[in-house]
Amino acid sequence: MKTVERDHLIARANLLALLTIGYNLVEGIISMALGAADETLALFGFGVDSFIEVISAVGVWHMIKRIRANYGETKDVFEQRALRITGGAFYLLTVGLVATAALNIIVQHKPTTTIWGIVISLVSVSFMWLLIHHKTRVGKALNSPAILADAACSRACVYLSVVLLVASAGFQLTGIGSLDSIGALLIAWLTFKEGREAFGKANGMSCSCGCSGTADVECDKK
């Protein structure tokens, strides 16, 4: 591959990483604020997850800078620390969501509305599919397992968005309050898998199956 072409592709990968960081920050702030205002746990948990994804995205951005400097794709101390922080945060979120969802089911709590959960999840699915498309193209062109794995991580975000969409639409259509809590429990299950994946990567496990470990690719020890 010519140097000019490689530099162009790496610049695109860098832009996609920055877009991921910026989008997750905005999505996290809006989702947490609206989730708290409307008392919808699924949307609030989705927003917290977006904030945690920022830490992971910063690690990817750092990795792309190292690829540009020809250091390869092996993880350095910064990336390993970012992955461990990400994994720990996902585990804490999992515990918080499970405990709060269980309490909400017991007291039969109902959100004020989940309409914003529908809107945000639809926007998220659309934007993440665009990111997946472009990250996959860049990853294949550069023959970069790390960038392809990042594309799979964006796919995990799509699964979270679909869970939020189903839970939010279900409540709006039926008025059954427990659907919001069930949605939060499903999000907790996905965040637990993301936490396990992050710790696996930090400890030397190479996995191109994404943050939630859902694609048909084996995770092999380096």
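Kindly evaluate Val119 against the criterion of being surrounded by fewer than 19 Cβ atoms within 10 Å (Cβ to Cβ), aliphatic (A, V, I, L, M) and either in contact with a strand residue (DSSP E or B) (Cβ under 6 Å, 6 or more places away or on another chain) or touching a residue at least 40 places away in the same chain (Cβ under 8 Å) (or both).
On the way: surrounded by fewer than 19 Cβ atoms within 10 Å (Cβ to Cβ): yes; aliphatic (A, V, I, L, M): yes; either in contact with a strand residue (DSSP E or B) (Cβ under 6 Å, 6 or more places away or on another chain) or touching a residue at least 40 places away in the same chain (Cβ under 8 Å) (or both): no.
So Val119 fails the test.
Report yes if some residue within the range 95-110 is more than 30 Å from Gly170 (Cβ to Cβ), among the basic types (Lys, Arg), touching a residue at least 40 places away in the same chain (Cβ under 8 Å) and surrounded by fewer than 20 Cβ atoms within 10 Å (Cβ to Cβ); otherwise report no.
Keep residues of the range 95-110 that are more than 30 Å from Gly170 (Cβ to Cβ), which gives none.
Checked against the condition, which is being more than 30 Å from Gly170 (Cβ to Cβ), among the basic types (Lys, Arg), touching a residue at least 40 places away in the same chain (Cβ under 8 Å) and surrounded by fewer than 20 Cβ atoms within 10 Å (Cβ to Cβ), the range 95-110 yields no hits at all.
Among the residues here, Ser56 does not qualify as more than 16 Å from Arg6 (Cα to Cα), modelled with pLDDT of 85 or more and among the hydroxyl-bearing types (Ser, Thr, Tyr). For the range 182-222, the set of residues classified as in contact with a Leu (Cβ under 6 Å, 6 or more places away or on another chain), among the polar types (S, T, N, Q) and modelled with pLDDT under 90 consists of Ser208, Ser212, listed by residue number. Would you confirm, using the coordinates I've provided, whether Thr86 is over 15 Å from the mean Cα position of the chain (by Cα), of a type in the set (Ser, Thr, Tyr) and surrounded by 15 or more Cβ atoms within 10 Å (Cβ to Cβ)? Judged against the criteria, Thr86 is not a match. The residues in the range 23-58 that are closer than 19 Å to Gln172 by Cα, surrounded by fewer than 23 Cβ atoms within 10 Å (Cβ to Cβ), in contact with a Ser or Thr (Cβ under 7 Å, 6 or more places away or on another chain) and of a type in the set (A, V, I, L, M) can be counted, and the count is 0. Would you check if Lys135 is out of contact with any Cys (no Cβ under 6 Å at 6 or more places or on another chain), buried (at least 17 other Cβ atoms within 10 Å of the Cβ), closer than 20 Å to Gly170 by Cα and charged (D, E, K, R)? So Lys135 does not fit the description; no. In this entry, Arg155 is excluded by the filter for residues that are among the charged types (D, E, K, R) and either surrounded by fewer than 20 Cβ atoms within 10 Å (Cβ to Cβ) or under 19 Å from Ala37 (Cβ atoms) (or both).
The values are calculated or read from the model by the stated rules, or taken from the named source; none is laboratory data. Please read these numbers as outputs of a predicted model, since none were measured by experiment. Neighbour counts are summed over all protein chains in view; Cβ atoms, including those assigned to glycine, are modelled from backbone coordinates with ideal geometry.
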